[in-house]
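Visitor: Here it is, the structure, as structure tokens.
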Amino acid sequence: MKGKKALSLITSLAIVGVLLSGCGSGSTPGAPSGAAKATFKDGMVTDVGGINDQSFNEGAWNGLQKFGQKNPGVQVKYLESSQSSDYSPNLNQFASNNYNLVWAIGYLMADAVKASAKAYPKVNFAIVDDSITPTPSNLTCVLFRAQESSFLVGYIAALKTKTDKVGFIGGVPGTVIDEFEYGFRAGVAYGAKELGKNISVNVQYANSFSDASLGKAIAQHMYAQGADIIFAAAGNVGQGMIAEAKAENKLCEGVDMDQAKLAPNNVLTSALKNVNDAVELISQDVKEGKKVGGQTISYGLKDGGVGIPYTAQAIKMCGQDVIDKAKKVQQDIIDGKIVPPYNKATYNKYLTTLK
């Protein structure tokens with residue numbers, strides 16, 4: 001069953017400072033939020049990118065913290081996963097300690113969360129970026145149509161490139177990263193057609209979400225080959241890309257969160273995935289006793305689940321004319337006039353519509 005909930009597009013969060021203890025192998029919780037005796041306990045397990053990835057995991061933790069701040073008596077914690085073998089122990093640690101809701105952040109945890117949901121039928125679970133079929137009645141699957149925001153950053157890359165060469169760096173290949181890659185490539189193709197020229201996209205995968213040094217090396221190679229804008233959907237690997245863009249004074253595009261703060265003179269725009277809003281909203285629903293398990297909830301541009309930042313910083317980097325054009329393309333996607341592809345097959349089909 002599919003459902004929709006409206007999300008507000010948030011470009012900044014006022015998060016109360018939370019002290020985090022030193023990192024251990026998948027066993028480092030954040031400090032509890034709320035009263036000493038928790039009336040509702042909400043935990044999240046990161047993927048291997050870690051809590052400080054300036055991206056996916058960090059965004060989810062921001063949303064969980066905000067939920068805790070708004071609800072006295074709520075306790076929120078996280079556990080970091082250093083490797084895939086940490087997923088099940090971390091999920092089960094929360095479940096065995098009577099947590100009301102346990103989040104699995106990332107599609108790599110699909111098998112682990114499915115097993116935990118079966119082992120702990122009285123505990124509510126949620127996973128971001130995977131749809132498990134059939135869906136256990138105590139599991140909520142949360143998807144984002146990342147191809148829609150990726151189309152927009154691809155379109156902007158096409159309008160801003162001077163070399164007519166851009167790049168894409170993916171983390172671990174899979175269904176979710178396909179959405180970023182093919183959405184981006186389609187946006188570049190759309191912009192190229194609008195400009196009446198050919199723009200090439202260099203695609204490389206790191207096979208990692210954690211190796212920032214590898215992201216830096218891949219970006220260095222792409223820039224050396226002539227790409228002047230690179231988009232990465234790869235967790236901490238993307239931080240390496242941004243670091244290289246800053247070192248070479250090149251342009252790049254961020255992901256999941258508005259990453260302009262990491263390199264204000266180099267990050268052109270970011271493909272936002274508002275995981276923070278989804279985590280907060282669904283946590284609130286579970287706390288209020290609403291039935292959200294047993295279904296997949298999908299968020300896109302129309303309901304504010306994904307997008308790009310329309311800020312003064314974005315105007316500074318892109319120019320008002322490009323921002324205005326991006327807003328027009330965004331509305332065309334919302335209205336169904338443009339349907340961004342999400343994998344190789346839909347991308348190839350999309351290209352036939354541009355001829």
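Visitor: Classify the stretch 55-127 as rounded, prolate or oblate from the Cα gyration tensor: take a ≥ b ≥ c as the square roots of its eigenvalues, call it rounded if a/c is under 1.5, otherwise prolate when a/b beats b/c and oblate if not.
Guide: On the way: a/c = 2.04, a/b = 1.26, b/c = 1.62.
Here the stretch 55-127 falls in the oblate category.
Visitor: Restricting to Cα pairs below 8 Å that are 6+ residues apart, what does the relative contact order work out to for the stretch 178-306? Please round to a whole percent. List each step's numbers first, then the result.
Guide: Details: 167 pairs, mean separation 19.4, N = 129.
Relative contact order comes out at 15 percent.
Visitor: Separate question: For the stretch 60-69, what does the Karplus curve 6.51 cos²θ - 1.76 cosθ + 1.60, with θ = phi - 60°, yield as ³J(HN,Hα) per residue in whole Hz, taken in order and with x for Gly and Pro?
Guide: 4, 5, 4, x, 5, 4, 5, 4, x, 5
Visitor: Also: Using amide H atoms built 1.01 Å from N in the peptide plane, name the residues 5+ places from Tyr299, or on other chains, whose amide H lies under 5 Å from its own.
Guide: Leu143, Phe144, Arg145
Visitor: Related question: Does anyone have the angle between helix 87-96 and the longest principal axis of the chain? Alpha-carbon axes, 0 to 90°, nearest 10?
Guide: 40
Visitor: Determine the equivalent ellipsoid of the stretch 178-272 by diagonalising the alpha-carbon gyration tensor, then write out the semi-axes as square roots of 5 times the eigenvalues, largest first, rounded to whole Å.
Guide: Working: eigenvalues 82, 40, 38 Å².
Square roots of five times the eigenvalues give 20, 14, 14 Å.
Visitor: Classify the stretch 124-192 from the C-alpha gyration tensor, please: rounded if a/c falls under 1.5, else prolate or oblate depending on whether a/b exceeds b/c.
Guide: It is prolate, given that a/c is not under 1.5 and a/b is the larger ratio.
Visitor: Continuing with the same structure: Between rounded, prolate and oblate, where does the stretch 147-231 land on the alpha carbon gyration tensor, with a ≥ b ≥ c its root eigenvalues, rounded for a/c under 1.5, else prolate if a/b exceeds b/c? Show your work: numbers first, answer last.
Guide: Numbers: a/c = 2.69, a/b = 1.34, b/c = 2.00.
It comes out oblate by the Cα gyration axes.
Visitor: Further question on the same structure: For Cα extents along the principal axes in Å, the choices are (i) 61, 40, 35; (ii) 58, 52, 35; (iii) 77, 59, 39; which was calculated from the structure?
Guide: Checked against the structure: label (i).
Visitor: If I model a spin label as a point 7 Å beyond the Cα along the Cα-Cβ vector, how far apart are those points for Thr311 and Glu248 in nm?
Guide: 2.5
Visitor: What's the extension gain from Thr175 to Lys328 if we count 0.36 nm per residue and subtract their Cα-Cα distance? Can you show the working numbers first?
Guide: On the way: separation 153, 0.36 × 153 = 55.08 nm, distance 2.76 nm.
52.3 nm is the gain from fully extending Thr175 to Lys328.
Visitor: Continuing with this model, one more query. Quick one: helix 212-224 against the long Cα principal axis of the chain, what's the angle to the nearest 10°, folded into 0 to 90?
Guide: 10
Visitor: In addition: Once fully extended, how much extra length lies between Leu195 and Thr352, figured as 0.36 nm per residue of separation less the alpha-carbon to alpha-carbon distance?
Guide: Numbers: separation 157, 0.36 × 157 = 56.52 nm, distance 1.75 nm.
Extra length available between Leu195 and Thr352 comes to 54.8 nm.
Visitor: 5 Å is the cut-off here: which amide hydrogens, built 1.01 Å from N in the peptide plane, fall below it relative to Phe231, excluding neighbours closer than 5 in sequence?
Guide: Gly167, Phe168, Ile169, Glu253
Visitor: Angle between the Cα long axis of helix 175-195 and the longest principal axis of the chain, 0 to 90 degrees, nearest 10?
Guide: 30
Visitor: Then there's this: Where does the charge balance sit around Phe180 when Lys and Arg score +1, Asp and Glu -1, over other residues with C-beta under 14 Å from its C-beta? Don't jump to the answer; show the numbers that get you there.
Guide: On the way: positive: Arg145, Arg185, Lys273, Lys344; negative: Asp129, Glu148, Asp178, Glu179, Glu181, Glu253, Asp256.
Net charge around Phe180: -3.
Visitor: Moving on to the next point. Once you keep just the Cα pairs under 8 angstrom separated by 6 or more residues, what percentage relative contact order results for the stretch 115-155? Provide the component values of the computation, followed by the final result.
Guide: Working: 38 pairs, mean separation 13.5, N = 41.
So the answer I get is 33 percent.
Visitor: All other residues with a Cβ under 12 Å from the Cβ of Ile132 taken together, and with Lys, Arg as +1 and Asp, Glu as -1, what is their net charge?
Guide: Numbers: positive: Lys114, Lys118; negative: Asp111, Asp129, Asp130.
Spelling it out: positives minus negatives among the neighbours equals -1.
Visitor: For the stretch 110-232, what does the relative contact order come out to in percent, with C-alpha contacts under 8 Å and a separation of six or more? Kindly include the intermediate steps, with their values, before the conclusion.
Guide: Working: 195 pairs, mean separation 31.9, N = 123.
Once divided by the residue count of the stretch 110-232, the mean separation gives 26 percent.
Visitor: Counting only other residues whose beta carbon sits under 12 Å from that of Gln54, what net charge do I get with K and R as +1, D and E as -1? Let's see the in-between values first.
Guide: Details: positive: Lys261; negative: Asp53, Glu58, Asp256, Asp258.
With Lys, Arg at +1 and Asp, Glu at -1, the neighbours total -3.
No lab work stands behind these numbers, since they all come straight from the coordinates. The structure displayed is predicted, hence computed values, not measured ones. Don't worry about glycine lacking a Cβ; one is built from the backbone with ideal geometry, like all the others, and counts go over all protein chains shown.
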